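Structure record follows, encoded as structure tokens.
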Amino acid sequence: MYKKFFLFFASTITVFLATAQNKNLAPTPPMGFMTWNYFALDIDESKVKSLADAMVESGLRDAGYNFIFIDDGWQGGRDNKNNMIPDPKKFPSGMKALVDYVHSKGMKIGIYSDAAPLTCGGYTASLGFEEQDAKTFANWGFDYLKYDYCGAPTDWQTAIKRYQTMSEALKKSGRDITFGICEWGDREPWLWAKKSGGQLWRTTADIRDKWESLNPPKTAYELHSVGAGIMNIVNINAELNKFAGPNGWNDPDMLVVGLYGKKGPSGDLGGVGCTDVEYQSQMSLWCLMASPLMITCDVRNMNDATKRILLNKDVIAIDQDILGVQAERKIKNDTWQMFVKPLSNGDVALGILNVSDKTQTANINLAELGIAGKTKSFDVWGKTTAKISATIKVSVAAHETKIYRLMK
Ligand code: GLA
């Protein structure tokens, strides 16, 4: 009797601790490099190592991009005990050695699976093996799991259940593993993903390396077939601001900054590449929207413009601000979109995007945007400080986003 009671008590405590333990895994949006948009399924251990090296050498790790996220294409099936194994040709030293290498560089590392028998790329996935796979990932030392939804039924209930099952398995795995939910916003995960154990959830179809789809689809779901450009994604994700916060972020998918239309999945469905102004806008908008920042260009070969965009510490600080508020989009018309993001020290970030095709000048009345009591502005791209009054006049190039940090 006592023994039974003790066992019940002990297991309740274990579940409680496991749940409590996973509470603060993403106080600010995760940042790092994700293999998908440039390398697709063509990944291996020497590439991952060289990417980790490049993250350190380029200063990206020290700027906050402390994760390497391995996406689809690493799997080699299961062994005779049904343990997942990596592709032995791509990862001959095994996952533990690779994870140790990335950790030795002062970085964290993520892995990928799917809530069905096979992943989007057709590789072995985790349905029915959740606990076993979570333990395997934990034993290898992974810190993050991106959990995809190809090959799974379309209804909400099943999705919620399958994500919940994997999240419970991760909690029991003995390691803190951040959980990224990837069902592309099709079942409004902002309503349930946090409760199901996710620290972030994709809100849209896969991003393509383009500014905007020429035929904007009527529903978010249709974006899968026409390809989501930066603006198609902004127009969905910006409306979801009230659902985001510490340990539960809207994920508008990876940064295409620096890809320049190079081959890879982001080039599919008309991804022709963007200009540096547009890449700078993506970075600005993602940071205003408190988004996970997942770089996908080849960080071993970045040009100066790409480095300047990705390494702008003042922009990153807006994304990573510990208040964890996603900007509210206050204005949306044929010329402008304006975003306001409150920051932890009382400053306010004001984002001004010109969506038209020519340079425009805005006369912004701060009170109309709900901003009061600010006397100074810092242009986070131009790096200039100015005194401000009730209005700000600013010239913005086509597709450019300016961000001002407004201070007392
Ligand atoms: C889906 C996801 C992508 C990527 C691929 C991998 O399309 O949305 O981000 O992970 O699968 O196959």
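Quick notes on this one:
- Flag if residue 288 is under 16 Å from the mean Cα position of the chain (by Cα), within 26 Å of residue 328 (Cα to Cα) and away from the ligand (no atom under 16 Å from the Cβ): yes
- Scope region 36-61; condition assigned to a helix (DSSP H, G or I), aliphatic (A, V, I, L, M), away from the ligand (no atom under 16 Å from the Cβ) and crowded, with 18+ Cβ neighbours inside 10 Å; matching residues: 51, 52, 55
- Residue within region 212-220 that is in contact (Cβ under 8 Å) with a residue 40 or more places away in the chain and not in a strand (DSSP E or B) present: yes
- Filtered residues of region 62-78 (kept if away from the ligand (no atom under 12 Å from the Cβ) and part of a loop (DSSP other than H, G, I, E, B)): 62, 63, 64, 65, 66
- All positions within region 155-177 that are surrounded by fewer than 24 Cβ atoms within 10 Å (Cβ to Cβ) and within 16 Å of the ligand (Cβ to nearest atom): 159, 162
- Test: residue in region 108-130 that is away from the ligand (no atom under 16 Å from the Cβ), polar (S, T, N, Q) and under 15 Å from residue 35 (Cβ atoms): no
- Just one of (1) modelled with pLDDT of 95 or more; (2) surrounded by 13 or more Cβ atoms within 10 Å (Cβ to Cβ); (3) not polar (S, T, N, Q) fails for residue 18. It is (1).
- Look at (1) surrounded by 17 or more Cβ atoms within 10 Å (Cβ to Cβ); (2) part of a loop (DSSP other than H, G, I, E, B); (3) touching a residue at least 60 places away in the same chain (Cβ under 8 Å) and you find that residue 187 fails only one, number (3).
- Every condition in (1) surrounded by fewer than 18 Cβ atoms within 10 Å (Cβ to Cβ); (2) free of Cβ contacts under 8 Å to residues at least 40 places away in the same chain; (3) under 16 Å from residue 345 (Cβ atoms); (4) not aliphatic (A, V, I, L, M) holds for residue 377 except the one numbered (1).
- Residue 193 being within 16 Å of the ligand (Cβ to nearest atom), under 18 Å from the mean Cα position of the chain (by Cα) and assigned to a loop (DSSP other than H, G, I, E, B): yes
- Subset of region 221-239 that is in contact with a strand residue (DSSP E or B) (Cβ under 8 Å, 6 or more places away or on another chain) and not in a helix (DSSP H, G or I) - its residue that is farthest from the ligand (Cβ to nearest atom): 229
- Output for region 380-391, where each listed residue is surrounded by 12 or more Cβ atoms within 10 Å (Cβ to Cβ) and either in contact with a Cys (Cβ under 7 Å, 6 or more places away or on another chain) or in contact (Cβ under 8 Å) with a residue 40 or more places away in the chain (or both): 380, 381
The values are calculated or read from the model by the stated rules, or taken from the named source; none is laboratory data. It should be emphasised that the depicted structure is a prediction, and the values quoted were computed from it without experimental measurement. Using ideal geometry, Cβ is built from the backbone for each residue, glycine included, and neighbour counts are taken over all protein chains shown.
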